[in-house]
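*Asks:* What follows is a structure written as C-alpha cells; I'll ask about it next.
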Amino acid sequence: MNPSLFPSKILSIPFITITIFILITTVFSSTKTISYSDHCNSFVPEAIPTTITYTRFPFLETITSHYTGAKNILDQDSLSQSYIHFRPKDYNIFKTNNSNTYKTQAQLSFVPPSIYHFQSNHSRFYRPLVFNLDGFLSVSTNKLCMVGSANWFSKKGKSLKLDGVLKLNLPRLMNLNTSLVSGTLESLASPHDSDYFEPISMMGFPQVSQFKYKYSLVSNEDCNGANAIEHPVASLDSLDLCSKFTYRFLIYQMESQGSGYSFLSLYGFQCSVEEKKLRFLVEFQNTSNTRWDKSFNPNVTLIGDATWNGPKEELCIVACHILNQTDPLGSAHIGDCSIRLTLYFPEVRSIMNTHTTEGQIWSTKKAEDVGYFEPIKFQSFDHSSEYYGSMYEFTKLQKVRQFCPKTEVAKREGVEYPSGYNGDMSFDMSVKYRNMDSIGSAIPIFVGEQFYHSYDAFDSNFGSWQDPTSYTGPMNISYEISFRMFANSTSESGSGISSLCLTNNGRVEISAEGFYDNETGRLCMVGCRNLPSSGKNSENESFDCEILVQFQFPSTNGNNGSFLIRGSIESLREKTDVLYFESLNVVSLTYTKLEAMESIWRMDLEIILDLISGTLSCFFIVLQIFHVKKNPDMIPLISVLMMVILTLGYMVPLVLNFEAMFSETPYLQNIQLEGSGGLLEVNKVIVRIVTMVAFTLQFRLLQLTWSKKSGNDNNGKGKSHWNHEIWTLVICLPVYIVGGLMMFLANWKNNDYIISSNRSIWGDLRSYAGLTLDGFLFPQIVLNMFKISKGNALSYLFYIGNTFVRTLPHAYDIYRSQKNISHQFHQFYLYANPRADFYSPSWDVFIACGGVVFAVIVFLQQRFGGRFMFPKRFQETVGYEMVPVVNNE
C-alpha cells in the first residue's frame with residue numbers, strides 16, 4: 001500500500017458516511033407518505049389492495065377541462081389558461097378486498113398555455129405543475145379520492161413541496177346530462193405556510209368509448225324549429241363528419257345581437273362514425289382568435305350532442321348549460337338543454353354569400369322565460385378553402401365592364417403572365433394608406449367555373465390544374481380580400497378611411513368578382529363588404545358594393561422588370577357619402593415561383609461576393625500586420641480610432657448573425673432551405689467563419705497599435721501620441737454626431753418614422769454606422785493633420801484594398817438596381833442589405849466617390865505630409881523624418 005494515499009483514505013471515511021446519511025435522509029424524506037385515511041376515508045373508504053388488474057377506466061382521462069383558484073402558484077389571465085391533464089398510471093391499478101373499490105396511481109398536470117414564463121425579469125422554461133397522486137376509486141359511488149404532492153417554485157424562486165388531496169365526482173351513465181367530471185384539489189398545508197395553495201375547483205368532460213356513450217338527447221326532430229334555409233344547400237351524403245368537425249376549433253361570426261359576443265366556436269371532441277353523431281363544446285367569444293389549448297370557460301360554454309340530418313343536409317346540435325359551477329363536489333351538473341344550433345353548406349356562392357358554412361342558433365324557451373333569445377345567424381368568416389358546393393354565381397360582371405372596359409392591347413412577344421389557374425394568383429399583401437400600413441391576403445375562390453386550389457410556390461410539382469393554354473383572354477374570377485386597418489388619428493375621418501374601420505376591430509373583408517386577362521396580367525373587379533349595423537347607410541343596405549379593386553400581375557418570365565403585384569382598392573361613392581374612403585395602395589408580399597428562383601440566384605451571388613470581400617479583407621489586414629512588424633516606428637502614426645471602427649465593423653455582424661439564429665422565423669428558414677437544398681445555410685456558416693477570422697486579425701492589429709502608443713518610447717513621445725489621438729476624437733466625434741442628427745431630423749421632417757414600416761430609428765442608426773464604416777479613413781486623415789506625419793504608416797494595399805471592399809457593395813447595388821431586383825424582401829439580403837447602409841443610386845455614387853477621395857488624400861499625405869493641402873505657412877516645416885534604425889547585430 002502506498003503510504004501517501006493512506007491519509008486521503010482516512011479522510012474519505014467521514015465524507016462517505018455523511019454522503020450515505022444525506023442520501024438515506026433524502027430517500028426517506030422523498031418517500032414520506034401522506035395519510036390517506038386522514039383525508040379521504042369519509043369520501044372513498046380505504047381498502048386493502050390484492051391483485052393487479054389491467055382494467056382501464058378511460059372516463060378518468062379528461063379531454064377538456066376548466067379550473068379556478070391557486071392564483072398564488074398558477075398564473076391565470078382572461079385570455080389563456082392552463083389545461084388540466086389527468087392520467088392514471090398504466091399497470092398501477094389494483095383490485096382490493098372491496099369488489100367496488102380499486103387502488104390507483106395517477107398524475108394530475110397543469111399544462112401551461114405558453115412555452116416561456118417570465119418572472120422577476122428572468123425568463124425560464126415554464127414546465128407543467130405535476131402532482132403524483134395515490135388513492136382509491138369507488139365504482140359504486142363514482143367517486144375518486146387521492147393524496148399526493150408536487151415539487152414547485154414560488155414566484156420568488158423558492159423551492160416548494162405542495163401536498164394536496166384530490167376529490168372527484170365521476171359520471172356513471174354516460175350521456176349528455178351525466179358526462180361532467182367535477183371536483184377539487186385542496187392543500188394539506190396550513191394557510192400561513194409557504195407551501196400552502198388556494199383550493200382549486202375543476203371540471204371537465206372525460207374520454208369515453210363511442211360504444212358506451214349514449215347520444216340520447218339529439219335527433220333530427222330537435223332542430224325542426226329552425227327558420228327555413230333561404231337558399232339551396234350542398235348534398236353531403238359522403239361527408240366524413242368526424243374528420244370535418246373533431247379536434248378542431250371552428251370559428252363562426254354571428255350577426256349583431258345584444259349579448260356582447262360576436263363569434264361562436266365549435267370544438268368536437270368525440271364522434272361516432274356509425275351513428276353520424278358527435279359531442280361538441282359550443283363557446284361564445286368576443287374575438288376571432290382560434291385557440292389551440294383544450295381549456296374552456298363554463299360561463300360562456302355549452303356542451304352539446306350533434307347528429308347529421310340527411311334529409312335537410314344540415315348538422316343539428318342540442319346544447320346544454322353547465323349549472324351550479326361553484327359547487328363542484330355537490331350540485332354541479334349539466335342541465336337547461338334549451339339551445340339548438342344548425343349548420344349547413346350553401347350550394348351556390350356569390351359576391352354577397354361567400355361563406356362556406358352558415359347556420360343559426362336559437363332558444364326553445366318561450367319569449368317570457370329567462371334565457372330566451374331570438375334566432376341568431378352565423379357564418380364562417382375565414383372563407384375556408386374546404387368547399388362543399390359546386391357553383392359560383394357571378395352577379396356584378398356588367399358593372400365591372402362599366403368601370404373596366406376591355407381594351408385592345410398588342411401582346412408583346414415573349415411576355416407571359418400567370419394563367420389564372422396556378423398558385424401565383426393567391427398572395428399576401430401590404431395595404432398602405434398615409435401613415436398606416438396593414439397586412440392582408442387576397443385568395444381566389446372561383447376561376448371560371450372551377451373552384452380555385454392554391455399551390456406551394458416551392459413545390460417541385462408547381463403548376464396549374466388546368467392547362468393554361470386551353471384559354472386565353474379575360475376570364476371570370478372571384479376573390480376574397482381581407483386585411484386589418486386602424487384609424488389611429490382623430491383626423492382620419494370623413495374623407496379618410498374611418499368607414500373601413502367599423503367592423504371587427506378594423507378588420508376589412510371584401511368579396512370581389514370580375515375579369516382577369518392572362519394576356520395582360522390585369523385583374524379588375526367590383527367588391528362588396530358586409531356592413532355592421534353602425535355602418536349601414538341611409539338606404540339600410542347590408543353591403544357596400546361600391547368598391548373597385550384592381551391588380552396588375554407581373555410577367556412570369558420577368559420581362560417587364562418587376563416581380564411585385566401592385567394594385568388599388570378604391571371607393572366608387574361620392575366623397576360626401578358616409579361610406580366613402582380614400583384609395584388604398586396594395587403591394588404583394590409573397591414570392592412567385594420565378595421571383596423565388598431569382599432570389600435564390602441573388603442570395604448565391606451575394607454569398608460569393610461576401611466571401612470575396614471577407615477573404616480580401618483578411619489578406620489586406622495580414623499585409624498591414626506584416627507592414628507594421630517590418631516598420632514598427634510607423635505604428636504611432638496609425639489612428640487608433642480608425643482601428644476601433646474597423647474592428648467594430650467586423651464584430652457587429654458576428655453578433656447580429658448570432659442573434660439572427662434565434663430570432664429568424666421558421667418560415668424564412670424553410671424558404672431558404674427549400675430553395676437552396678441546404679447549401680445556403682452551409683455557405684452562410686463559411687461566411688461567418690471568414691468574418692470571424694477577419695475580426696481576429698483586425699483585433700490583433702488594433703492591439704499592436706494600442707500597445708505601441710501606450711508604451712514609453714526613448715524620446716518620451718508616448719504621451720504626445722495619445723494627445724493627438726484625443727484631438728482626433730474631439731474633431732471626429734462632433735462630426736459623427738452632427739451627421740447623425742442631420743439624418744435624424746431629415747427623416748423626421750419627411751415623417752419616415754411614421755410612414756414607412758421598414759424604417760425606424762434603429763434601422764437608421766445601423767445605416768449611419770455603415771456610412772461611418774465606409775468613411776473609415778476619416779480619423780486617419782485627421783490624425784495625419786495633427787501629427788504632420790509623412791511616411792507609409794498604412795500599407796498601400798491595406799487602405800486602397802479596404803476602400804475597394806467598402807465600395808464593392810455599392811457597385812453591386814448599382815448593378816442590382818439596373819437588374820430591377822426588388823428591395824421588398826429585405827430579410828433575404830445577405831450582402832449589401834438595404835437596412836444596414838445607405839443604398840440608392842445617389843448614395844452609391846456619393847459613397848464610392850467619397851471612399852476614393854479619402855484614399856487619394858491618405859496617399860498624398862503619406863507622400864507629401866499630413867497638411868499638404870494647406871497653404872505653406874500652415875504646413876510647418878518641421879516634420880517627422882524617418883531615421884534608419886541601427887541594428888546592433
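The values are calculated or read from the model by the stated rules, or taken from the named source; none is laboratory data. Values in this document were obtained by computation on a predicted structure and should not be read as measured data. As a convention, Cβ positions derive from the backbone with ideal geometry for all residues, glycine included, and neighbour counts pool all protein chains shown.
*Asks:* Check 689, 761, 800, 781 and return the single one that is modelled with pLDDT of 85 or more, assigned by TED's automatic domain parsing to the domain that holds residue 855 and surrounded by fewer than 16 Cβ atoms within 10 Å (Cβ to Cβ). Quick ask: steps written out before the conclusion?
*Replies:* On the way: 761 fails: modelled with pLDDT of 85 or more; 800 fails: surrounded by fewer than 16 Cβ atoms within 10 Å (Cβ to Cβ); 781 fails: surrounded by fewer than 16 Cβ atoms within 10 Å (Cβ to Cβ).
Checking each option against the conditions leaves just 689.
*Asks:* Follow-up question, since we're still on this one. With the requirement that a residue be in a loop (DSSP other than H, G, I, E, B) and modelled with pLDDT of 90 or more, what does the range 332-350 give you? Write out each step before concluding.
*Replies:* Going through the range 332-350, the residues in a loop (DSSP other than H, G, I, E, B) turn out to be 332, 345, 347.
Answer for the range 332-350, where residues must be in a loop (DSSP other than H, G, I, E, B) and modelled with pLDDT of 90 or more: just 332.
*Asks:* Residues that are under 24 Å from residue 143 (Cβ atoms) and not β-branched (Val, Ile, Thr): does the range 277-292 have at least one?
*Replies:* Yes, the conditions are met somewhere in the range 277-292.
*Asks:* While we're on this one: Do you know which of the residues in the range 421-437 that are modelled with pLDDT under 80 and either assigned to a strand (DSSP E or B) or not polar (S, T, N, Q) (or both) is nearest to the chain's Cα centre (by Cα)?
*Replies:* Only one residue fits best here, namely 437.
*Asks:* Just to be sure I understand the filter: pairs with C-beta atoms under 7 Å, separated by 6 or more residues or on different chains, first member in the range 542-553 and in contact (Cβ under 8 Å) with a residue 24 or more places away in the chain and over 11 Å from residue 567 (Cα atoms), second member among the hydroxyl-bearing types (Ser, Thr, Tyr) and surrounded by fewer than 22 Cβ atoms within 10 Å (Cβ to Cβ). Which pairs pass?
*Replies:* 546/571; 547/571
*Asks:* For the range 611-652, which residues satisfy the criterion of being within 19 Å of residue 780 (Cα to Cα) and touching a Ser or Thr at 6+ places or on another chain (Cβ under 7 Å)?
*Replies:* Hits for the range 611-652 are 623, 624, 627, 635, 637, 638, 639, 640, 641, 643, 645, 650.
*Asks:* Of all residues in the range 311-362, how many are within 14 Å of residue 222 (Cβ to Cβ), among the hydroxyl-bearing types (Ser, Thr, Tyr) and surrounded by fewer than 19 Cβ atoms within 10 Å (Cβ to Cβ)?
*Replies:* 1
*Asks:* Can you spot a residue in the range 462-477 that is at pLDDT 55 or above, closer than 27 Å to residue 253 by Cα and within 34 Å of the chain's Cα centre (by Cα)?
*Replies:* yes
*Asks:* What are the residue pairs meeting all of these: first residue in the range 842-854, first residue assigned by TED's automatic domain parsing to the domain that holds residue 780, second residue among the aromatic types (Phe, Trp, Tyr) and buried (at least 20 other Cβ atoms within 10 Å of the Cβ), Cβ atoms under 8 Å, and 6 or more apart or on different chains?
*Replies:* So the pair list comes out as 854/778.
*Asks:* Tell me, please, whether a residue that is touching a Leu at 6+ places or on another chain (Cβ under 9 Å), modelled with pLDDT of 90 or more and either outside any helix (DSSP H, G or I) or farther than 24 Å from residue 814 by Cβ (or both) can be found in the range 588-602.
*Replies:* The answer is no, given that none of the residues of the range 588-602 is touching a Leu at 6+ places or on another chain (Cβ under 9 Å), modelled with pLDDT of 90 or more and either outside any helix (DSSP H, G or I) or farther than 24 Å from residue 814 by Cβ (or both).
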